[in-house]
Amino acid sequence: MNALQGMEIMASQPAAWYLVHCKPRQDERAEEHLIRQGYTCYRPRLQRERVVAGRRQSVVESLFPGYLFVQLQPNANWSPLRSTRGVNRLVSFGGYPLEVPVHVIDSLHQHAPSDEPQSLLQPGDPVRIVEGSLADLDAIFLSMDGDERVVLLMNLLNREQRLTLPLACVRRG
């Protein structure tokens, strides 16, 4: 086999997925810059609840903070990856980049949560009170009362009672 045939074999191989280690809190920046350069990237994300400035908010975060997947041809020029903003290095073992099996990427795609924003609490959702004199008791979420308060339905002394508490005092049950 001559060098030309070897090049043809490498060019006919499908692109493989590799793991990129990003600089701290720069996953999104690295993904953006890699896509601008024409790379195919995948950064699995999930939607989480966080208390930010005393308010519970829904935020979208990387499933694997500090990492993203990039698809490369085996004969591709890898040097631009190292100088891309937000990228730290390509994960490798023994000096060779680690190829991520395609079934891992496919499984992540199948189990990825939808990107549609969902309300944090829906009427009828069970919640648990986590602060105050009623801590560790269960209730039912009825509605929001402004931005920072919730209306709950709770069974107290064998009677259903409505109460209003700060949003930060309850967690989805």
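The values are calculated or read from the model by the stated rules, or taken from the named source; none is laboratory data. Everything numeric in this text was worked out from a predicted model, so none of it was measured. Cβ atoms come from the backbone with ideal geometry, glycine included; neighbour counts cover every protein chain shown.
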The correct count of residues that are within 28 Å of Leu46 (Cα to Cα) and either in contact with an Asp or Glu (Cβ under 7 Å, 6 or more places away or on another chain) or among the charged types (D, E, K, R) (or both) in the stretch 141-167 is 8
Tell me which strands (runs of 3 or more DSSP E) are completely within the stretch 133-173 and hold 2 or more residues being in contact with a Ser or Thr (Cβ under 9 Å, 6 or more places away or on another chain) and either in contact (Cβ under 8 Å) with a residue 60 or more places away in the chain or not assigned by TED's automatic domain parsing to the domain that holds Ala53 (or both), or say none if there are none. 149-156
State the number of residues belonging to the stretch 86-98 that are surrounded by 12 or more Cβ atoms within 10 Å (Cβ to Cβ), at pLDDT below 90 and assigned to a loop (DSSP other than H, G, I, E, B). 1
Could you go through the stretch 39-49 and let me know if any residue there is over 26 Å from Leu167 (Cβ atoms) and in contact with a His (Cβ under 7 Å, 6 or more places away or on another chain). no
Which one is nearest to Val170 (Cα to Cα), of the residues in the stretch 37-84 that are surrounded by fewer than 13 Cβ atoms within 10 Å (Cβ to Cβ), in contact with a helix residue (DSSP H, G or I) (Cβ under 8 Å, 6 or more places away or on another chain) and modelled with pLDDT of 90 or more? Pro65
Within the stretch 105-123, does at least one residue satisfy the condition of being under 20 Å from the mean Cα position of the chain (by Cα), modelled with pLDDT of 85 or more and surrounded by 12 or more Cβ atoms within 10 Å (Cβ to Cβ)? yes
Pro123 fails exactly one of (1) within 28 Å of Pro44 (Cα to Cα); (2) in contact with a Phe, Trp or Tyr (Cβ under 7 Å, 6 or more places away or on another chain), namely (1)
Just to confirm my filter: which strands (runs of 3 or more DSSP E) fall fully inside the stretch 18-85 and include at least 1 residues that are within 23 Å of Tyr96 (Cβ to Cβ)? 40-42, 67-72
